[in-house]
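Here, each number is a calculation from the coordinates, and none is a lab measurement. What you see is a predicted model; the values in this text were computed from it and never measured. Ideal geometry is used to build each Cβ from the backbone, glycine not excepted, and the neighbour counts take in all protein chains shown.
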Amino acid sequence: MAVTSNPRQLGQLAETAALDFLRHQGLRLVARNWRCRLGELDLVMQENDTLVFVEVRYRRHQGWGGALSSVTPAKQQKLIRAAQSFLQQEPRWSKHPCRFDVIAPDEQGQCSHTRWIRDAFGGPA
């Protein structure tokens, strides 16, 4: 990942790295940075018949528990509500099974060390 101190740019670089990683794993992009009044979905991907809502978490330092621990129960609920809104606004996907994944590049943003937590919330949307 390029060197930058701008958190927004770092987030975009992390999302691009995550997208490249997931495409390499065979997933197909459905939407990126999908927004509604309830929140934002970083990546919406398709894996076979499953719609995958992907939260990309990048932290330069692990001092506050790292990227994965930053997806709190409150953040999970916000993502679930945004995903429900996505399914209402995009009804062609409403019959597909869904899951939530979390992608976390390492401190240097290396794709080869990306942590991919599949079904991170332990259940469907």
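A simple count of charges around residue 39, restricted to other residues whose Cβ falls under 13 Å of its Cβ and scoring Lys, Arg +1 and Asp, Glu -1, yields +2. Fully extending the segment from residue 35 to residue 16 would add 5.1 nm, taking 0.36 nm per residue of separation and subtracting the current Cα-Cα distance. With neighbour counts taken as other beta-carbon atoms within 10 Å, the residues 22, 29 rank, fewest first, as 29, 22.
Straightening the chain between residue 48 and residue 75 buys 7.1 nm, computed as 0.36 nm per residue apart minus the Cα-Cα spacing.
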